[in-house]
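Heads up, the thing below is written out as structure tokens.
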Amino acid sequence: MKAKVYITRKIPDEIVSKIEAVCEVRMWQEEEKPVPREVLEKEIADVDGLFCLLTESIDKELLDKAKDLKVISNMAVGYNNIDIAAAKEKGVRVTNTPGVLTETTADLTFALLMSTARRLVESTEYLKSGRWETWSPMQLAGQDIYGATLGIIGMGRIGEALARRAKGFNMNILYSNRSRKPVVEEELGVQYAEMDRLLQESDFVCIMTPYTAETKNLIGERELSLMKSTSILINTARGGIVNENALYHALRSGSIWAAGLDVFEQEPVPLDHPLLTLPNVVTLPHIGSASIKTRMRMAELAAENLILAIRNQTPKNIVV
Ligand code: NAP
């Protein structure tokens, strides 16, 4: 008898076919809408494998409904949507998709940095709304990127890829991380700094850590107050790492200059969220890894991990 798999969102046909070659597949058929919780609770009951996205909260309560579950394959590198301890306790393997999205996410992070610094979104709106009547010296003037200091918090795969891009802009790069990275320091010429120093000296602060109990609200009122009034915060990691209320006040009061955000504490971010009212915030709907090639690679890797675990073989990317 074939193993049973549930896929929580409509994914490309060729990926479904690969899984179908090995498993009996049921799939939520909507592309734009996440699977309702009650459907997921029903579907998880008898499956051997779950293919899910970061939009699904795989908590203990849900896991307790699963009777035969062997593997949860998350189509993301971050896995803060899964209760890892509960999965481990139940002997359920969890896999993710690191590596294949590194360069694409670094591209987006650098694009967000540039568009925030040079006010690209604001400038487009300025032009399209008919306010461009003349040219004046300080009109829509932003911050320089070339030669500025970039502080990277979380020097992992994406942090390193970001540093490589920043080198091309002759940026001075500081980083803080849980552990020091002598090889990266040597190879990329980046300098380790305690977080307070990094916040005080950087013109751009990019957050690139995972979202964990230790990084929740890592950047709050105190940390934002250390930043320069001309500096810019970029977050393409996870929303909960930054205290959004503190960020709103720092941006409103001018204690920092601007922010570029691809991620929010609650996603989709509510349209009445105070951060959306500020002109000095560039907001994106969590599109860090969203290139066609990379999303296909992520889906392929998630499918591969799922199939390997179902076959009792070792998946390529094991979280637990
Ligand atoms: P990674 O290679 O695991 O890098 C994470 C880095 O953060 C590691 O160097 C790690 O340090 C460091 N770190 C962990 N906890 C820390 C802490 N408490 N304080 C300081 N540093 C800490 O992960 P990655 O592939 O670069 O991805 C990073 C994160 O980006 C993901 O977890 C995900 O949430 C996010 N992401 C977002 C998007 C998007 O679409 N916006 C796309 C991809 C990824 P050690 O070296 O000591 O472990």
- Out of region 221-243, which residues are away from the ligand (no atom under 14 Å from the Cβ) and either open to solvent by 30 Å² or more (accessible area, probe 1.4 Å) or not in a helix (DSSP H, G or I) (or both)? 221, 222, 225, 226, 227, 228, 229, 230, 231, 232, 233, 243
- Query: What number of residues within region 272-292 satisfy the criterion of being in contact with a helix residue (DSSP H, G or I) (Cβ under 7 Å, 6 or more places away or on another chain), open to solvent by 50 Å² or more (accessible area, probe 1.4 Å) and more than 16 Å from the ligand (Cβ to nearest atom)?
  - Reply: 2
- Task: Please go through region 1-46 and pick out each residue that is in a loop (DSSP other than H, G, I, E, B), surrounded by fewer than 20 Cβ atoms within 10 Å (Cβ to Cβ) and touching a helix residue (DSSP H, G or I) at 6+ places or on another chain (Cβ under 8 Å).
- Result: 12, 22
- Message: The conditions are (1) within 13 Å of the ligand (Cβ to nearest atom); (2) open to solvent by 30 Å² or more (accessible area, probe 1.4 Å); (3) part of a loop (DSSP other than H, G, I, E, B), and residue 295 fails exactly one of them. Which is it?
- Response: (3)
- Item | Test set (1) within 12 Å of the ligand (Cβ to nearest atom); (2) in contact with a Leu (Cβ under 6 Å, 6 or more places away or on another chain); (3) within 19 Å of residue 317 (Cβ to Cβ) - residue 49 fails condition number | (1)
- Message: Which of the helices (runs of 4 or more DSSP H) found entirely inside region 77-147 contain at least 1 residues meeting this: in contact with a Phe, Trp or Tyr (Cβ under 8 Å, 6 or more places away or on another chain) and either open to solvent by less than 30 Å² (accessible area, probe 1.4 Å) or free of Cβ contacts under 8 Å to residues at least 12 places away in the same chain (or both)?
- Response: 102-117
- Item | Pair list, Cβ under 7 Å, 6 or more apart: region 148-175 residue more than 8 Å from the ligand (Cβ to nearest atom), other residue assigned to a loop (DSSP other than H, G, I, E, B) and open to solvent by 50 Å² or more (accessible area, probe 1.4 Å) | 169/146; 170/146
- Item | Scope region 246-265; condition assigned to a helix (DSSP H, G or I) and either within 20 Å of residue 121 (Cα to Cα) or touching a residue at least 24 places away in the same chain (Cβ under 8 Å) (or both); matching residues | 246, 247, 248, 249, 250, 251, 252
- Of the residues that make up region 183-190, is at least one open to solvent by 60 Å² or more (accessible area, probe 1.4 Å), closer than 19 Å to residue 263 by Cα and within 16 Å of the ligand (Cβ to nearest atom)? no
- Query: On the given criteria, is residue 106 within 16 Å of the ligand (Cβ to nearest atom) and closer than 22 Å to residue 168 by Cα?
  - Reply: yes
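Yes or no, residue by residue, for (1) under 17 Å from residue 111 (Cβ atoms); (2) open to solvent by 10 Å² or more (accessible area, probe 1.4 Å); (3) part of a helix (DSSP H, G or I):
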position: 158; (1), (2), (3): yes, yes, yes
position: 175; (1), (2), (3): no, no, no
position: 198; (1), (2), (3): no, no, yes
position: 214; (1), (2), (3): no, yes, no
position: 217; (1), (2), (3): no, yes, no
- Item | Residues located in region 201-214, provided they are touching a residue at least 60 places away in the same chain (Cβ under 8 Å) and β-branched (Val, Ile, Thr) | 212
- Quick one: residue 244 ticks every box in (1) in contact with a Ser or Thr (Cβ under 7 Å, 6 or more places away or on another chain); (2) on the phi < 0 side of the Ramachandran plot bar one, so which box is it? (1)
- Task: Under 9 Å between Cβ atoms, at least 6 apart or on separate chains: pull out the pairs that start in region 304-320 with a residue that is closer than 18 Å to residue 4 by Cα and end on any residue that is of a type in the set (Ser, Thr, Tyr) and not in a strand (DSSP E or B).
- Result: 305/97; 308/314
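The values are calculated or read from the model by the stated rules, or taken from the named source; none is laboratory data. The structure displayed is predicted, hence computed values, not measured ones. Counting neighbours? That spans all protein chains shown, and the Cβs are built from the backbone with ideal geometry, glycine included. Only protein heavy atoms, including side chains, enter the accessible area calculation; ligands, DNA and RNA are left aside. Shrake-Rupley method; radii C 1.70, N 1.55, O 1.52, S 1.80 Å.
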